[in-house]
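Only one structure is covered here, and it is reproduced in the block below.
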Protein chains: 2
Amino acid sequence: LVNEIKHSRLSAGRPIAILHKKFADKNGLHSGDRIVIKKTKKKSLIAVVDIAEGMLKEKEIIASTEIFKELGLKENDYVEIQLATVPRSLGIISEKMNCKTLSEEEIHQVINDISKNALTEAEVAFFVSSIYKCGMSMHEIEDMTRAIIDTGSRINLKQKIVVDMHSIGGFPGRTTPIVVAICAAAGLTMPKTSSRAITSPAGTADALEVICRVDFTIPEIKRIIEKAGACIVWGGSLGIAPADDKIIQIERILNIDPEAQLIASIMAKKISVGSKFVLIEIPYGKFAKVNRKKAESLRKKFETVGKFFNVNVECLLTKTDEPIGNGIGPSLEIRDSIRVLRREDECHMLTERSLSLAARILELAGKTKKGKGLKLAKELLYTGKAFKKFEQIVKAQKGKIGIIPEAKFKHNISSTKSGKLTLIDVKKINSLARVLGCPLDKLSGVYLFKHKRDRVKKGEKILTLYSESKLDLDEGIKFYKTEKVVTIR
Amino acid sequence: LVNEIKHSRLSAGRPIAILHKKFADKNGLHSGDRIVIKKTKKKSLIAVVDIAEGMLKEKEIIASTEIFKELGLKENDYVEIQLATVPRSLGIISEKMNCKTLSEEEIHQVINDISKNALTEAEVAFFVSSIYKCGMSMHEIEDMTRAIIDTGSRINLKQKIVVDMHSIGGFPGRTTPIVVAICAAAGLTMPKTSSRAITSPAGTADALEVICRVDFTIPEIKRIIEKAGACIVWGGSLGIAPADDKIIQIERILNIDPEAQLIASIMAKKISVGSKFVLIEIPYGKFAKVNRKKAESLRKKFETVGKFFNVNVECLLTKTDEPIGNGIGPSLEIRDSIRVLRREDECHMLTERSLSLAARILELAGKTKKGKGLKLAKELLYTGKAFKKFEQIVKAQKGKIGIIPEAKFKHNISSTKSGKLTLIDVKKINSLARVLGCPLDKLSGVYLFKHKRDRVKKGEKILTLYSESKLDLDEGIKFYKTEKVVTIR
């Protein structure tokens with residue numbers, strides 16, 4: 001079949017050929033199919049089919065810039081197309097779907113294809129499903145970790161003691177800025193890469209972005225670390241784990257997170273930035289990703305993978321059943337962290353949690369003896385050294401700790417009765433923050449005046465809703481009224 | 001977030017909003033995410049995000065025609081966007097992923113969303129995976145069958161005895177045209193809808209298309225059946241089972257075909273065209289989709305679903321381990337069928353198989369007593385009545401049985417030794433035909449001169465390769481030489 005090729009400055013990140021619906025129907029081609037596009041005997045490439053109408057004529061193909069470059073095409077050239085044979089990765093994914101244990105080479109093939117954008121989203125979804133269905137052996141997890149590292153960029157830091165932390169998320173509240181500031185103030189190197197909100201109202205990157213930049217190149221990050229000893233940046237555009245970025249994007253759809261993938265994903269990112277000491281926080285409980293038992297099993301697996309790669313991994317299991325800070329939403333959460341660092345506000349749980357995380361890292365990296373970490377962490381926080389370090393980091397990231405503005409619209413919610421606050425439904429409060437505009441509108445969110453087990457009087461303020469849009473604020477109020485976000489008994 | 005909206009005559013079949021890569025990165029949006037697009041307080045819709053560069057500016061959105069129509073937008077209008085909440089179907093798919101039994105209402109919700117194109121391909125892949133992982137109860141299969149029927153179009157025929165057949169495919173060789181011709185010659189009404197090639201070199205629709213049209217509207221199909229008593233058309237564009245069409249497209253990726261989906265898919269299509277008597281051929285064996293045991297279990301399930309819907313279902317289990325006809329490829333396969341109908345060629349296995357399928361349908365629909373079906377089928381074939389009927393069908397479908405041309409290039413393969421042909425690797429011969437250009441180039445393919453258990457002399461012709469492209473022919477020859485397609489001992 002010979003077709004005329006058109007170009008519409010479509011840069012899709014991979015070879016995509018848009019065919020006309022009629023042409024596709026006639027030839028039994030579907031969106032997601034792979035075709036071979038040939039210009040000459042020697043030059044051909046495989047592209048994924050997309051289907052449209054109206055943008056092109058029946059015998060035309062709109063090709064992404066990748067196809068033009070690779071084949072050396074000009075506008076209105078003619079090309080031959082043919083159904084492509086199936087990429088090897090799909091055979092491997094099929095076998096994993098039937099619970100076969102994959103070899104190192106097979107895992108590398110799939111991860112490499114994903115990192116090169118050679119698999120479609122549906123294909124990655126099948127890969128995720130196969131891991132979810134069948135699990136992975138410790139050796140498969142090791143191989144996957146290695147494959148993710150090998151297909152991504154690395155950050156090589158000359159400093160000796162590189163530490164890192166990660167929390168198996170889900171709870172609003174930013175401990176990371178506080179922990180990074182304390183550890184860096186103790187002289188540790190901490191190249192923290194963070195994510196943006198996935199299903200939560202804010203990721204650490206979203207929160208930091210309220211006061212400084214978070215998107216940097218790897219050389220820029222090295223300079224930031226040279227200046228401040230640490231960074232808190234968005235990991236998404238660094239290409240440290242491109243396969244993993246893609247897999248996570250697909251996992252978000254059903255909010256499933258197969259254990260094997262979770263471990264390989266976190267460990268690969270820590271190893272790629274050269275961390276030698278890694279603390280993993282695993283919150284467990286009703287609203288957490290895992291229960292106590294699962295948390296214990298995760299702990300063992302993380303530590304085992306750490307040993308495979310010569311990294312000292314420690315896991316901290318924390319029973320968590322409510323938001324850790326008062327604010328929920330990018331700006332409200334970073335404001336909490338700054339208040340703790342400045343010692344302006346208690347934010348009791350946020351302070352406690354941050355101190356105990358920092359304490360473990362200080363001990364793990366040998367900055368102090370076992371059992372003395374908390375004392376050192378408190379000292380660094382209470383003397384203002386941690387805040388000074390935080391200011392340095394923010395400055396190196398082209399920002400400034402000024403006054404964080406309030407959202408345009410707000411609405412206070414007061415208790416309709418007296419009693420004890422017995423439950424904050426974390427899933428619902430996260431949804432509420434998203435209804436209000438999180439994470440895209442950074443000033444929106446919820447501020448809690450009460451926490452679990454607090455006494456509340458009738459008419460007393462429990463929380464404030466913030467939004468940049470009157471429309472969203474109204475929807476948030478409606479949401480609060482219809483859903484049981486907070487329970488007072 | 002407020003964005004300017006652009007339109008580029010993109011008719012994607014569903015609301016798609018293309019965002020600029022930079023804008024998406026900054027706001028943590030990924031391809032496949034859902035956003036709410038709002039024009040006014042009252043008018044909003046949910047669209048799926050796609051990401052590009054170069055086609056648009058950072059703050060622009062290219063929106064598909066569906067969005068323009070639904071929101072009443074004009075070029076350069078400004079719209080608000082926001083992350084959308086998760087569609088209900090995804091929660092249901094999550095639950096199925098954890099093997100929950102779904103209710104009728106839940107299955108309907110998912111199938112309805114799929115039929116309306118409201119789920120992305122990755123989301124459908126997760127649904128397929130969940131069925132593959134957990135299976136479905138008979139009641140879930142019943143509910144899925146009903147949901148597929150309810151979300152699609154129907155063909156209401158006034159004729160009383162509507163029959164149909166389906167083969168759980170995989171083997172080259174077109175029995176369908178022969179069976180339809182015999183049954184229609186006996187006075188039965190047979191509205192046969194067929195598919196195009198999925199993983200095989202040719203589907204029945206691809207083969208028929210060599211001599212007549214196969215894409216018709218439902219009113220046109222009714223007129224064809226009025227004239228000829230039967231049709232053999234492509235089912236893909238009729239909208240009889242739009243959810244199923246989409247699901248099958250995703251299943252093709254890994255060539256997985258969860259049993260529950262297979263049964264619901266076939267039964268829904270048969271019921272939607274009003275069939276009261278349905279024959280299902282289930283080939284089993286080495287190269288078939290199922291083994292004998294699985295075939296028996298399928299038989300029971302098909303018959304059970306038949307009872308739920310008051311349809312008389314019979315399954316014919318056939319041990320099959322080689323191509324049924326001599327030709328492999330659209331034109332070579334239909335030529336075989338025509339030769340059998342014209343009694344020009346034995347095509348032994350194709351004749352036998354077609355007669356036994358037709359015999360069962362004739363008995364099932366009461367055209368003859370049990371045990372007398374084969375006699376009647378032979379009579380209709382041998383007297384030329386079946387061929388006359390086939391000519392009527394092809395004429396009603398705007399075609400003509402002329403001489404089928406040969407491909408531009410061909411190459412004979414002869415045996416390098418004397419012996420017995422012990423194996424034709426069906427998977428490899430299918431791949432060979434695809435390398436030669438099938439199914440897109442209809443004249444390409446393979447023609448077998450020998451079948452399993454035949455004696456072969458050294459130098460005797462075993463098969464001929466056909467292609468429309470010298471390049472593909474060379475690749476086919478190379479494929480034949482490197483892969484063990486045929487074994488002679």
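The values are calculated or read from the model by the stated rules, or taken from the named source; none is laboratory data. Just so it is clear, the model here is predicted, and its values are computed rather than measured. FYI the Cβ positions are ideal-geometry reconstructions off the backbone, even for glycines, and counts take in every protein chain you see. Ligands, DNA and RNA are excluded from the accessible area calculation, which covers all protein heavy atoms including side chains. Shrake-Rupley method; radii C 1.70, N 1.55, O 1.52, S 1.80 Å.
Do we find that A:ALA207 is more than 13 Å from every other protein chain (Cβ to nearest Cβ), of a type in the set (A, V, I, L, M) and in contact (Cβ under 8 Å) with a residue 24 or more places away in the chain in this structure? When the stated conditions are applied, A:ALA207 does not pass them.
Got at least one residue in region A:280-299 being small (Gly, Ala, Ser), in contact with a Phe, Trp or Tyr (Cβ under 7 Å, 6 or more places away or on another chain) and free of Cβ contacts under 8 Å to residues at least 40 places away in the same chain? Checked against the condition, which is being small (Gly, Ala, Ser), in contact with a Phe, Trp or Tyr (Cβ under 7 Å, 6 or more places away or on another chain) and free of Cβ contacts under 8 Å to residues at least 40 places away in the same chain, region A:280-299 yields at least one hit.
Which of the numbered conditions does A:VAL79 fail, given that it passes all the others? Conditions: (1) within 8 Å of chain B (Cβ to nearest Cβ); (2) part of a strand (DSSP E or B); (3) touching a residue at least 40 places away in the same chain (Cβ under 8 Å). Here A:VAL79 meets the rest and fails (1). In region B:263-276, the condition of being open to solvent by 20 Å² or more (accessible area, probe 1.4 Å) and either aromatic (Phe, Trp, Tyr) or farther than 20 Å from B:THR189 by Cβ (or both) is met by no residue.
For region A:360-376, filtered to residues that are open to solvent by 10 Å² or more (accessible area, probe 1.4 Å) and in a helix (DSSP H, G or I), the residue that is nearest to A:PHE387 (Cα to Cα) is A:LEU376. Does B:ARG14 satisfy the criteria of being assigned to a loop (DSSP other than H, G, I, E, B), at pLDDT below 80 and more than 10 Å from every other protein chain (Cβ to nearest Cβ)? Spelling it out, B:ARG14 is indeed assigned to a loop (DSSP other than H, G, I, E, B), at pLDDT below 80 and more than 10 Å from every other protein chain (Cβ to nearest Cβ). Residue by residue through region B:333-368, note down the ones that are among the small types (Gly, Ala, Ser), in contact with a helix residue (DSSP H, G or I) (Cβ under 9 Å, 6 or more places away or on another chain) and within 22 Å of B:LYS276 (Cα to Cα). Once the filter is applied, which keeps residues that are among the small types (Gly, Ala, Ser), in contact with a helix residue (DSSP H, G or I) (Cβ under 9 Å, 6 or more places away or on another chain) and within 22 Å of B:LYS276 (Cα to Cα), region B:333-368 yields B:SER354, B:SER356, B:ALA358, B:ALA359, B:ALA365.
One residue stands out in region A:340-354 among those that are of a type outside the set (Val, Ile, Thr) and either open to solvent by less than 30 Å² (accessible area, probe 1.4 Å) or closer than 24 Å to A:LEU440 by Cβ (or both): the one that is modelled with the lowest pLDDT, namely A:CYS347.
Scanning region A:109-123 for residues that are surrounded by fewer than 21 Cβ atoms within 10 Å (Cβ to Cβ) and at pLDDT 95 or above returns a single hit, A:GLN109. Just checking, does region B:62-73 include any residue being assigned to a strand (DSSP E or B) and closer than 28 Å to A:ALA63 by Cβ? Scanning region B:62-73 turns up at least one residue that is assigned to a strand (DSSP E or B) and closer than 28 Å to A:ALA63 by Cβ. Being more than 10 Å from every other protein chain (Cβ to nearest Cβ), without any contact (Cβ under 8 Å) to a residue 60 or more places away in the chain and surrounded by 17 or more Cβ atoms within 10 Å (Cβ to Cβ) is a description that applies to A:ALA24. For B:VAL128, the requirement of being under 30 Å from B:MET267 (Cα atoms), buried (at least 17 other Cβ atoms within 10 Å of the Cβ) and touching a residue at least 40 places away in the same chain (Cβ under 8 Å) is met. Within region A:300-332, the residues that satisfy the criterion of being out of contact with any Phe, Trp or Tyr (no Cβ under 6 Å at 6 or more places or on another chain), β-branched (Val, Ile, Thr) and open to solvent by 10 Å² or more (accessible area, probe 1.4 Å) are A:THR304, A:VAL311, A:THR318. Can you tell me which residue is surrounded by the fewest Cβ atoms within 10 Å (Cβ to Cβ) among those in region B:220-255 that are part of a strand (DSSP E or B) and either free of Cβ contacts under 8 Å to residues at least 40 places away in the same chain or more than 9 Å from every other protein chain (Cβ to nearest Cβ) (or both)? My answer is B:ALA230. Scanning region A:452-465 for residues that are farther than 30 Å from B:GLU80 by Cα and open to solvent by less than 30 Å² (accessible area, probe 1.4 Å) returns A:VAL456, A:ILE462. Filtering region A:96-105 to residues that are acidic (Asp, Glu) and either within 9 Å of chain B (Cβ to nearest Cβ) or touching an Asp or Glu at 6+ places or on another chain (Cβ under 8 Å) (or both) leaves only A:GLU104. What number of residues in region B:80-101 are open to solvent by 10 Å² or more (accessible area, probe 1.4 Å), farther than 27 Å from B:ALA63 by Cβ and of a type in the set (A, V, I, L, M)? Residues flagged as open to solvent by 10 Å² or more (accessible area, probe 1.4 Å), farther than 27 Å from B:ALA63 by Cβ and of a type in the set (A, V, I, L, M) within region B:80-101 amount to 0. Residues considered: A:GLY152, A:GLY187, A:GLY169. Of these, the only one that is open to solvent by 10 Å² or more (accessible area, probe 1.4 Å), more than 22 Å from A:GLN261 (Cα to Cα), touching a residue at least 12 places away in the same chain (Cβ under 8 Å) and assigned to a loop (DSSP other than H, G, I, E, B) is A:GLY187.
Of everything in region B:300-337, what is without any contact (Cβ under 8 Å) to a residue 24 or more places away in the chain and in contact with an Asp or Glu (Cβ under 9 Å, 6 or more places away or on another chain)? Give them in sequence order. Of everything in region B:300-337, just one residue is without any contact (Cβ under 8 Å) to a residue 24 or more places away in the chain and in contact with an Asp or Glu (Cβ under 9 Å, 6 or more places away or on another chain), namely B:GLU303. One residue alone among B:VAL180, B:VAL163 is within 29 Å of B:SER337 (Cα to Cα), part of a helix (DSSP H, G or I) and open to solvent by less than 10 Å² (accessible area, probe 1.4 Å), and that residue is B:VAL180. In region A:277-292 there is at least one residue that is of a type outside the set (Val, Ile, Thr), out of contact with any helix residue (DSSP H, G or I) (no Cβ under 9 Å at 6 or more places or on another chain) and over 23 Å from A:THR193 (Cβ atoms).
Quick one: count up the residues across region B:109-135 that are more than 10 Å from chain A (Cβ to nearest Cβ) and part of a helix (DSSP H, G or I). Summing the residues that are more than 10 Å from chain A (Cβ to nearest Cβ) and part of a helix (DSSP H, G or I) in region B:109-135 gives 8. Each residue in region B:79-117 was checked for being within 22 Å of the chain's Cα centre (by Cα), hydrophobic (A, V, I, L, M, F, W, C) and within 24 Å of A:PHE127 (Cβ to Cβ), and 2 pass. Of the residues making up region B:36-61, those that are within 11 Å of another protein chain (Cβ to nearest Cβ), outside any strand (DSSP E or B) and surrounded by fewer than 16 Cβ atoms within 10 Å (Cβ to Cβ) are B:THR40, B:LYS41, B:LYS42, B:GLY54. Checked against the criteria, B:ASP33 does not count as modelled with pLDDT of 75 or more, surrounded by fewer than 20 Cβ atoms within 10 Å (Cβ to Cβ), closer than 22 Å to A:ALA202 by Cβ and within 9 Å of chain A (Cβ to nearest Cβ).
Can you name the residue in region B:402-444 that is open to solvent by 30 Å² or more (accessible area, probe 1.4 Å) and among the aliphatic types (A, V, I, L, M) and is also nearest to B:VAL485 (Cα to Cα) among such residues? Going through the qualifying residues, I end up with B:LEU423.
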